[in-house]
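Enquirer: Quick one: structure below, then a few questions.
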Amino acid sequence: MATVIQPSAPQPLSRPGPHLGRFQGQVAIVTGGASGIGEATCRRLAAEGATVVVADVNGERAEAVAAELGNHSRAQQFDAADVTSIERLVLGTIERFGRLDVLHNNAALTSPALHAKDTNAIDISFETWDLVMGANLRAYLAGCKYALPTMIKQGSGAIVNTASTGAFSGDITRMAYTVSKAAIIGLTRQIATHHGPQGIRCNAVAPGLVLSAGSLATVPNVIKVMQRHLLTPEIGEPEDLAALVCFLASSEARYINGQTYIADGGMLAHNPAMADLIDLAARGG
Ligand SMILES: NC(=O)c1ccc[n+]([C@@H]2O[C@H](COP(=O)([O-])OP(=O)(O)OC[C@H]3O[C@@H](n4cnc5c(N)ncnc54)[C@H](O)[C@@H]3O)[C@@H](O)[C@H]2O)c1
C-alpha cells in the first residue's frame, strides 16, 4: 500500500547563529550599513570578529548601529552620489585600521519619492537617470577603485556587491534602478576577471523581496501579491541576505569568484504563470 504523507504546517526555516568567527582580525566596510540588509551584515560581520565601518548617508543611524558592534567598529557618514566622499570613506578606513579585507557595496537609493520619478524610457528625466546611476552603480565602481590597490598589496580581499532580482526580469517600474542593478552584475564579473589572479574575489548577491525598511516603504501593498510567487513559507529578512554576503566574503567561498547569487525565496525559479495556473486548477482547469 502506498504511504500517504500528511501535509504539515510550514515550519519556519531555522537560521544558524553567527558562531563561525570567520572574520577575526579583519576590517570591513559596509555601505548602506545603517538599515536593512547592510545593517544585518554589519551585525553579522562584527559578531564573527570583524571591525566594521558602518557607512551611510544617515550618519546618526550609522552611529547608533556602530555603537552596538564593538571590535572598535565605527560609523562613517558618506553620500553614494559623491565619489569624493567614497574616496574619503575607503582611504580613511585603510589609514585608520591599516588594512581592508571586506567591502560590501550595498547602498542604493530606495526612497519612494525617487522611485515615482524612475518610470520608463519615455518619461524618465536624464537627471533622474544620472542620479540613480551615480549613487547605485558609479558608487560601487568607486568603492572598488579605492579599495583594490590596498587589497592587491595584501594579496587578498573580498568584495560583495548588492544587485537585485530586478536585474534578471523586466518590470513596469523603476527603469534606472533595474538597469543599475543589471550593470552591477557586469561590474562584478569585470572586477573578478581583472583582479582575481591578484587574490581578489568579487561576487554579487541578488535579493528578491526582503523585508527591510526600504522595501516596506517602497512596496507595502505589493508584499502580499509577491508572497504568492515564493517557493518558501516565509518572506526573506535582512539576516537571510547577511548570511549569504558573509559566506561570500569569507574564506569558505575561496573558490567562488565573479558570480551572482539569487536569494529570492525561489521567485525566479518557476514558471512566471504559476499563480495563474493555480487559480485555473482551482476553477477546475
Ligand atoms: N529589500 C529588498 O527587497 C531588496 C530587493 C532587491 C535589492 N535590494 C538592494 O539591497 C540593498 C539594501 O537595501 P535595503 O532593502 O536593505 O534598503 P534600506 O532602505 O533598508 O537601506 C538602505 C540604506 O542605504 C542608505 N542610503 C541611501 N542612499 C544613500 C546614499 N546616497 N549614500 C549612502 N547611503 C545611502 C540608507 O540611508 C539606508 O540606510 C540595496 O542595494 C537595494 O537595492 C533590496
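The values are calculated or read from the model by the stated rules, or taken from the named source; none is laboratory data. Just so it is clear, the model here is predicted, and its values are computed rather than measured. Cβ: placed from backbone, ideal geometry, glycine included. Neighbour counts: every protein chain shown. Ligands, DNA and RNA are stripped out before the accessible areas are found, and what is left, the full protein with its side chains, is counted by its heavy atoms. Shrake-Rupley method; radii C 1.70, N 1.55, O 1.52, S 1.80 Å.
Enquirer: Let me confirm something: among Glu234, Glu239, which residue is charged (D, E, K, R) and modelled with pLDDT under 95?
Expert: Working: Glu239 fails: modelled with pLDDT under 95.
Selected residue: Glu234, the only one of Glu234, Glu239 that is charged (D, E, K, R) and modelled with pLDDT under 95.
Enquirer: Going through Leu103, Leu89 one at a time, which residue ends up being within 15 Å of the ligand (Cβ to nearest atom), closer than 30 Å to Asp171 by Cβ and open to solvent by less than 60 Å² (accessible area, probe 1.4 Å)? Please lay out each step first, then the result.
Expert: On the way: Leu89 fails: closer than 30 Å to Asp171 by Cβ.
Within the list Leu103, Leu89, the selection yields Leu103.
Enquirer: Would you check if Thr110 is outside any helix (DSSP H, G or I) and within 16 Å of the ligand (Cβ to nearest atom)? Break it down stepwise before answering.
Expert: On the way: outside any helix (DSSP H, G or I): yes; within 16 Å of the ligand (Cβ to nearest atom): yes.
Yes.
Table: residues versus (1) over 19 Å from Gly33 (Cα atoms); (2) open to solvent by less than 30 Å² (accessible area, probe 1.4 Å); (3) more than 8 Å from the ligand (Cβ to nearest atom); (4) outside any helix (DSSP H, G or I).
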site	(1), (2), (3), (4)
Ala206	no, yes, no, yes
Gly214	no, yes, no, no
Lys224	yes, no, yes, no
Leu231	yes, no, yes, yes
Leu241	no, yes, no, no
Phe247	no, no, yes, no
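Enquirer: Moving on. Quick one: what pairs do we get from the stretch 35-48, first residue within 13 Å of the ligand (Cβ to nearest atom) and hydroxyl-bearing (Ser, Thr, Tyr), second assigned to a loop (DSSP other than H, G, I, E, B) and open to solvent by 30 Å² or more (accessible area, probe 1.4 Å), C-beta under 8 Å, 6+ apart or different chains?
Expert: Qualifying pairs under 8 Å: Ser35/Asn58.
Enquirer: Filter the stretch 166-204 for residues that are among the hydroxyl-bearing types (Ser, Thr, Tyr) and open to solvent by 10 Å² or more (accessible area, probe 1.4 Å) and give the result. Steps first, please.
Expert: From the stretch 166-204, those among the hydroxyl-bearing types (Ser, Thr, Tyr) are 169, 173, 177-178, 180, 188, 193; that's our starting set.
Ser169, Thr173, Tyr177, Thr178, Thr193, listed by residue number.
Enquirer: Let me ask something else. Taking the stretch 113-138 as the search range and keeping residues that are open to solvent by 10 Å² or more (accessible area, probe 1.4 Å), within 12 Å of the ligand (Cβ to nearest atom) and at pLDDT 95 or above, which one is nearest to the chain's Cα centre (by Cα)?
Expert: Leu137
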